[in-house]
Structure formats: C-alpha cells, structure tokens
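The structure under discussion appears below in the form of structure tokens.
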Amino acid sequence: MITSVLVANRGEIARRVFRTARELGLATVAVYSDADAASPHVTEADAAVRLPGNTPAETYLRGDLIIEAAQRAGADAIHPGYGFLSENADFARAVDLAGLTWIGPPPRSIDEMGSKIESKRLMAAAGVPTLTELDPAAVTEADLPVLIKASAGGGGRGMRIVRSLDDLPAEIEVAQSEAASAFGDPTVFCEPYLATGRHIEVQVMADEHGTVWAVGERECSIQRRHQKVIEEAPSPLVERIPSMRAELFDAARKAAAAVGYTGAGTVEFIADEAGRFFFLEMNTRLQVEHPVTECTTGLDLVRLQLLVADGARLDPEPPATVGHSIEVRLYAEDPAADWQPQSGTVHRFAVPGVVAEFANPPAHGIRLDGGIVDGSVVGVFYDPMLAKVISYAPTRTEAALRLAGSLAGMTLHGLVTNRDLLVRVLRHEAFLAGDTDTAFFERHGLTRLAEPLAGPPAIAVSALAAALADAAANRATAPVLGRMPIGWRNVASQSTVKRLAHGDDEHEVGYRFVRGALVADGHDDVELVSLRPDEVVLTVAGVRRSFTVARYGAAVEVDSPLGSVALRLVDRFPDPSAQLAAGSLVAPMPGTVVRVAVAVGDTVAAGAPLLWLEAMKMEHQIAAPVDGIVGELNVTPGQQVDVGAVLAVVNIPENTEE
C-alpha cells in the first residue's frame, strides 16, 4: 500500500499531485534542482531532496538520482508528473526494480506508445485511423509540406514544419537537438503536415482488472509552436457532429487495450471539420490540460492514478460530462516577439475570482493551478509556463467570458506574459463561435491578437498616473512639503516633467497644479479625484477610473480596467558608457549558445541567422538586424550568456560612391 509519494517533477504539477496526496493521507517528497531551491513545490512537501545542478540533464532527467532520493526520504511510490521522465520506460522499470510503486502505465505500454513511429504501426493494426509515417531520409518534393516530430516526447519540442527539401537537413538537426535536450532521445520522424485541423484528444483511465474508461474528450486546437495554449472540454467540434464522440471513444479504448494500458493516459487525434480523425500519439501520463476534464466530470484524476496503482477497481462506467471548462496556459513569453521566452522575478501574482486551487470548484468559478507565487524567480532552464487558469461554467460562452475577465483583472508584475493574447482570443468572435483550428493565429493575425489590451491612450494616461503616484511617494518622504500640493512651484506656469518608457517608446509627462486643480499636458479631459503612492483615481473624459500603481526600483506597474501597463522611469542622467554601438545584437534572455553560423568579416543580409541560443528547452535564432559586415563576434558554442549581453555587432558599410 502506498504511504509516501515522491513527485519526480517540479512546479505546478508537483504542487497538484501533493494536494491530492495530502487529501489521501499520504506523505509527500519533492526533488529540486539548484535553480528550484526556493520554488513553492519544495516548501510545500513534507520532505525535499536536492538534485545538484540546474539543467534537466543534470537533475530531473537523472532517474538514478530520483530513485535514490525516494529511498533516502522513505517514499514508496514515484509519480512522474508530465514531461521529463514521465514517458521513459527504462525509468519506470528502474522504479519497479527498486521496489517502489510506479504511478503510471506498465513499462511495456510506455515502450509501445513511447515511440511515435512504432505506435502508429500498432494503432493501424488495431483499427485506429492513422496518418502516414515518413522516413526523413526518404522525403520527396511530393510529400511536402511535412512535420518533423520527436519520437520520444511532445510539447512542441523537436517539431519543425518543412516546406522545402533544401531546408530539411538543417531543420532535422535542430529538431534532433531539441529532442535530445528535452527527452534524452534525438530520434525524429516525419509525417504529412496538415496546415489546419482540430486537435482532439480523449482522456482514458484503465485499471488492472480490465476496465477501460473513455472519460471525455478535450479540444486543444489553439496552439503556438505546436504547443497547446488553450484547452477545453467538451470539444465544440465533437458537440456539433452527433456520431463523432462515440467513434472517438471507441478508437481511444482500442488504443488503450492494444497495449494493455493501466492508469491515466490521453489518446490524441487530428480531425477535420467533417469529423474525420487520425491518430497522432498516445501520451502515457497525465496531461497538462487534465483540469478541464476534472471540472466537467467531478473526478480527481490524480486520486484515480494513485488508487489504480494500488490495485483498486474502477466503476463500470465513468461519470457523464456536465457544463463546460476552459484552461489557458499562462506563459512567460512575448507573443509579439516570436514567442520569445522571458525570465526574471515575479514581484506580484494574484488572480481574481479564484475559488479553488489544484482542485475542482465547489460549483462554478475559477480554478488556479500555479507554479509561482510572489517573489518566484523564473529562470531559463525549464518550460516558461507559469500557471494554468481554468474556468468552469454551465455554458461555453460563460466559461470563456468568465475566464477572460479573470485574466484581464490579474495582477502579474515583473515579467512579460501572454496574458493579453489569451484575453483577446477568449473574447474573439471566432473563438466564441467554436470556429477554432490549429491555424487560428495565422487566420486571425497574430500581430493583432498579440496587441496589448491597453492601447496608446490607456498607456499615456497610465504614465500620467505613474508620474503622479511617484510624486505622492516623494511627498510622503519629504515632510516639509506635506502641506503643499504635489508639483507646487514658485513659477505657476512651469510643469513638473517626468519621463517614463514603455518598451522602446518614451513618454514625457508634464503636469502642474493651478488653484489645487491638476493641469496635465496633453490631457485636457483629465481631472484628479484622489491620490496615494499606490493608487491614483482620475476622471478621464467624464469617466472615473482607478489606477493601481506599484514600483519596483525603476520599474513601475500600473493596473486598471483599461489594461496593465509596465513602465520604466527613465534615468535623467544616463551613463554614456552604457550606450550600445549601432548594429549590436544583445541576448534577449539568458541562455546557452548552441551554434554560430558566421565569423568576423562575413557579409550578412538582414534577417540572416547569425547564431542560436538555447533557453527553456527551445532553440532561439538570433538574426542580423541589417545588411552589413560582422564586425564583432563575442560568443562561442557552449558559452552561457546573460540577458543584455552583446553577442555580435553588424557594421553597415560606408557608402564609398562619390
């Protein structure tokens, strides 16, 4: 009987498993890398064991260290979570050989489904519809476009779209590198690429006594870089086509039965608008998006995993699906900058309307499965997902709008995230109509969807609020001025001026007080209602609005119903030596240089790749900003770089024509 569970993972999934384990009266054990030493999952466990190092290869991919940690801490079972070693059959066998309980399917099932190449052949033999698998070495012009995929894992790692045979070798190399880094296995394969489609998956749960549940389906069509961003249950497509659910469930049960599956798993399909579907893969683990199935069925899938691993029987049939649930993945990334991952300190994190954490809402409402808290440091070694925010409501429209409202009102200071993009998608008329597919961002324009919720007017008035709050804070620290209006001067016509930057744009804010009333340059329709260092209330064009202001050093975060705005107070006397030379390429994030494509003296065209950085288990291309000549190259493969480091300088040749 299981009495103590070690979770061989980190972040929100470790916290999620711990929550259920505690409810069952089980002891909990965490493992952590050096980078995760202060993470919430470490402090919440009954015991924690350090895995020396930072990278996945040094820590969470070291099965031997994890098993040793379980034995040292007295755990008798290991839950793998998702990612890392969760679909590694050799690790599952090692857990069994060590006399520990593996909370997952039999190693043989992982083997058979773990290779996406072999699993497709097995599924075809079992009567499950499949796409043709292509040998990368045998791809022809007629096969294009193709999708390169990692055989040993998912989550978008090792996936590349190829539309030209000339690009195939280089893309295979990148895919193999990402696959090896994320899963420890560089094997990749190709399949026909479907530019549009619906990503539908079926949650299965099976026990050791022959019962196989098809618990319900999910739709995960809103994706970026082949990784899911928004997931929901039930699927709008399946709801529209009467016979599709029964056919999907039958195919999923066949898939699970074909490999003697036990525990929780997910059978994934790609479908078209007519309801035809094809097997993609089976994830032999718990899915990131499992909360939407839990909300709509009332189940605790982690509880069932633990009970099934202890030999329990499932009921003959799963519960029915009721209502609608939508989950979004909150990422530390900038969608407008090619999904560039972000790192740094989370100063403040709060989600309004949350009625449950890591558990189903008691009725309807918002559930939060978070991996961060105030003060968390987001590094570069792991996936940039910060949290999952989940809504549950009687209808799909209500679930979408409730979730959008909660996200829009969220406080998240210190990092650029995809929050505004998520809100725009959830409120988009096509999404609300259920018109979703894997090309949603391409069809509706990523540039438009990635725009901040706060437009230029909102940014300008937020900058004014930030300047006024700063003045209020200054007055509070200078008692001699306590009786004087903020911005008081001997010369009444002279404005107080502050400069604040928003991204690459600088806002000059000028204001003064005349007979106690605020006069703000360029804001003739603004009146001051009240003022504190942390809150400014203004009337804008006759509409009263409240702006919450928080300052962290030079960074100023302004939150209001108009949208959240991150500003930076501009140094009045900048250091000239800190100015970058024209043509400098700086590291957008901390990372490791994995490849360099140029040398000093090379002539390059704007947009040409110069080098690649690996951060958060993905490779990121650094391209030439202009046509020119490489004048400096400051890095070599394998070198670690900090954010803002000058990687190279591209010089623009002088025009020698007379």
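The values are calculated or read from the model by the stated rules, or taken from the named source; none is laboratory data. Because the structure is a prediction, the values reported are computed rather than measured. So basically every Cβ, Gly included, is an ideal-geometry build from the backbone, and we count neighbours across all protein chains shown. The accessibility values were calculated without ligands, DNA or RNA, using every heavy atom of the protein model including side chains. Shrake-Rupley method; radii C 1.70, N 1.55, O 1.52, S 1.80 Å.
Sort out which residues of region 77-122 are acidic (Asp, Glu) and either touching a residue at least 60 places away in the same chain (Cβ under 8 Å) or touching a Leu at 6+ places or on another chain (Cβ under 8 Å) (or both), and write them in order of number. Explain how you work it out, then say what you get.
First, pick out the residues of region 77-122 that are acidic (Asp, Glu): 87, 90, 96, 111-112, 118.
Of everything in region 77-122, those that are acidic (Asp, Glu) and either touching a residue at least 60 places away in the same chain (Cβ under 8 Å) or touching a Leu at 6+ places or on another chain (Cβ under 8 Å) (or both) turn out to be Glu87, Glu112.
Among the numbered criteria (1) over 20 Å from Lys228 (Cβ atoms); (2) open to solvent by less than 30 Å² (accessible area, probe 1.4 Å); (3) touching a helix residue (DSSP H, G or I) at 6+ places or on another chain (Cβ under 9 Å), which single criterion is violated by Arg448?
(2)
Can you name every residue in region 194-210 that is within 23 Å of Ile270 (Cβ to Cβ) and either buried (at least 19 other Cβ atoms within 10 Å of the Cβ) or modelled with pLDDT of 90 or more (or both)?
Gly197, Arg198, His199, Ile200, Glu201, Val202, Gln203, Val204, Met205
Can you say whether Gly405 is part of a loop (DSSP other than H, G, I, E, B) and surrounded by fewer than 19 Cβ atoms within 10 Å (Cβ to Cβ), as far as the supplied structure shows? I'd like the intermediate steps shown before the answer.
Details: part of a loop (DSSP other than H, G, I, E, B): no; surrounded by fewer than 19 Cβ atoms within 10 Å (Cβ to Cβ): yes.
For Gly405, the condition - part of a loop (DSSP other than H, G, I, E, B) and surrounded by fewer than 19 Cβ atoms within 10 Å (Cβ to Cβ) - is not met.
Has region 384-404 got any residue that is basic (Lys, Arg), in contact with a Lys or Arg (Cβ under 8 Å, 6 or more places away or on another chain) and modelled with pLDDT of 95 or more? Break it down into steps so the answer makes sense when it comes.
Here is the first cut: in region 384-404, the residues basic (Lys, Arg) are 388, 396, 402.
From what's left, in contact with a Lys or Arg (Cβ under 8 Å, 6 or more places away or on another chain): 388.
Still in the list and also modelled with pLDDT of 95 or more: 388.
Yes, because at least one residue in region 384-404 is basic (Lys, Arg), in contact with a Lys or Arg (Cβ under 8 Å, 6 or more places away or on another chain) and modelled with pLDDT of 95 or more.
Is at least one residue of region 228-237 in contact with a helix residue (DSSP H, G or I) (Cβ under 8 Å, 6 or more places away or on another chain), within 27 Å of Phe91 (Cβ to Cβ), acidic (Asp, Glu) and surrounded by fewer than 24 Cβ atoms within 10 Å (Cβ to Cβ)? Outline the logic, then answer.
Step one: filter region 228-237 for residues in contact with a helix residue (DSSP H, G or I) (Cβ under 8 Å, 6 or more places away or on another chain), giving 229-234, 236-237.
Applying the additional criterion that residues be within 27 Å of Phe91 (Cβ to Cβ) yields 231.
Filter once more, so that each one left must be acidic (Asp, Glu): 231.
Remaining after also requiring surrounded by fewer than 24 Cβ atoms within 10 Å (Cβ to Cβ): none.
Among the residues of region 228-237, not one is in contact with a helix residue (DSSP H, G or I) (Cβ under 8 Å, 6 or more places away or on another chain), within 27 Å of Phe91 (Cβ to Cβ), acidic (Asp, Glu) and surrounded by fewer than 24 Cβ atoms within 10 Å (Cβ to Cβ), which makes the answer no.
Need pairs with beta-carbon distance below 9 Å; first residue on the phi > 0 side of the Ramachandran plot and among the hydroxyl-bearing types (Ser, Thr, Tyr) and within region 167-188, second at pLDDT 85 or above and open to solvent by 50 Å² or more (accessible area, probe 1.4 Å); sequence gap 6+ or separate chains.
none
May I ask you to list pairs of residues, at least six apart or on different chains, whose Cβ atoms are under 9 Å apart, with the first in region 274-295 being of a type in the set (Gly, Ala, Ser) and the second being open to solvent by less than 10 Å² (accessible area, probe 1.4 Å)?
Gly275/Leu237; Gly275/Val238; Gly275/Met244
When the residues of region 624-651 are filtered to those that are at pLDDT below 90 and in a strand (DSSP E or B), which remaining residue is least open to solvent (accessible area, probe 1.4 Å)?
My answer is Val641.
Anything in region 498-510 that is open to solvent by less than 70 Å² (accessible area, probe 1.4 Å), part of a strand (DSSP E or B) and out of contact with any Leu (no Cβ under 6 Å at 6 or more places or on another chain)? List them, or say none. Give the derivation first.
Going residue by residue through region 498-510, those that are open to solvent by less than 70 Å² (accessible area, probe 1.4 Å) are 498, 500-503, 507, 509-510.
Still in the running and part of a strand (DSSP E or B): 498, 500-502, 507, 509-510.
Passing the criteria: Lys498, Ala501, Gly510.
Working carefully through the options Thr55, Thr59, find the one that is in contact with a helix residue (DSSP H, G or I) (Cβ under 9 Å, 6 or more places away or on another chain), assigned to a loop (DSSP other than H, G, I, E, B) and in contact (Cβ under 8 Å) with a residue 60 or more places away in the chain.
On the way: Thr59 fails: in contact (Cβ under 8 Å) with a residue 60 or more places away in the chain.
Just a single option satisfies the conditions, and that option is Thr55.
Can you say whether Arg348 is touching a residue at least 12 places away in the same chain (Cβ under 8 Å), basic (Lys, Arg), under 15 Å from Arg419 (Cα atoms) and open to solvent by 10 Å² or more (accessible area, probe 1.4 Å), as far as the supplied structure shows?
yes
Working only within region 379-399, note down all residues that are open to solvent by less than 20 Å² (accessible area, probe 1.4 Å), outside any loop (DSSP other than H, G, I, E, B) and either among the charged types (D, E, K, R) or closer than 30 Å to Ala57 by Cα (or both).
Those that are open to solvent by less than 20 Å² (accessible area, probe 1.4 Å), outside any loop (DSSP other than H, G, I, E, B) and either among the charged types (D, E, K, R) or closer than 30 Å to Ala57 by Cα (or both): Leu386, Ala387, Lys388, Val389.
Restricting to region 77-88, give me the number of residues that are open to solvent by 10 Å² or more (accessible area, probe 1.4 Å) and over 20 Å from the mean Cα position of the chain (by Cα).
The number of residues fulfilling the criteria is 2.
Scan Ala257, Ala264, Ala252 and give me the residue that is in a helix (DSSP H, G or I), open to solvent by less than 20 Å² (accessible area, probe 1.4 Å), modelled with pLDDT of 95 or more and of a type in the set (A, V, I, L, M).
Numbers: Ala257 fails: open to solvent by less than 20 Å² (accessible area, probe 1.4 Å); Ala264 fails: in a helix (DSSP H, G or I).
When all the criteria are applied, what remains is Ala252.
Conditions tested, residue by residue: (1) under 14 Å from Val174 (Cα atoms); (2) among the charged types (D, E, K, R).
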| position | (1), (2) |
| --- | --- |
| Arg595 | yes, yes |
| Gly601 | no, no |
| Gln621 | yes, no |
| Val626 | no, no |
| Thr636 | no, no |
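Which one of Glu327, Glu317 is surrounded by fewer than 18 Cβ atoms within 10 Å (Cβ to Cβ) and within 20 Å of Glu217 (Cα to Cα)? It would help to see each step written out before you state the result.
Details: Glu327 fails: surrounded by fewer than 18 Cβ atoms within 10 Å (Cβ to Cβ).
Being surrounded by fewer than 18 Cβ atoms within 10 Å (Cβ to Cβ) and within 20 Å of Glu217 (Cα to Cα) holds for just one of Glu327, Glu317, which is Glu317.
Give the residues of region 301-314 that are open to solvent by 50 Å² or more (accessible area, probe 1.4 Å) and not in a loop (DSSP other than H, G, I, E, B), sorted by residue number.
Taking region 301-314 as the starting set, the residues that turn out to be open to solvent by 50 Å² or more (accessible area, probe 1.4 Å) are 303, 307, 310, 313.
Matches in region 301-314: Arg303, Leu307.
For region 511-544, name all the residues that are of a type in the set (D, E, K, R) and either touching a Gly at 6+ places or on another chain (Cβ under 7 Å) or buried (at least 19 other Cβ atoms within 10 Å of the Cβ) (or both).
The initial filter retains those residues of region 511-544 that are of a type in the set (D, E, K, R), namely 512, 515, 521, 524-525, 527, 532, 534-535, 544.
Answer for region 511-544, where residues must be of a type in the set (D, E, K, R) and either touching a Gly at 6+ places or on another chain (Cβ under 7 Å) or buried (at least 19 other Cβ atoms within 10 Å of the Cβ) (or both): Arg512, Asp521.
Looking at region 360-372 only, could you name the residues that are part of a loop (DSSP other than H, G, I, E, B), over 20 Å from the mean Cα position of the chain (by Cα) and surrounded by 17 or more Cβ atoms within 10 Å (Cβ to Cβ)?
From region 360-372, those part of a loop (DSSP other than H, G, I, E, B) are 360-364, 371-372; that's our starting set.
Subsequent filtering for residues that are over 20 Å from the mean Cα position of the chain (by Cα) retains 360-364.
Across region 360-372, the qualifying residues are Asn360, Pro361, His364.
Identify all residues within region 39-63 that are under 20 Å from Ala94 (Cβ atoms) and open to solvent by less than 30 Å² (accessible area, probe 1.4 Å); write none if there are none.
Val49, Leu51, Gly53, Pro56, Thr59, Tyr60, Gly63
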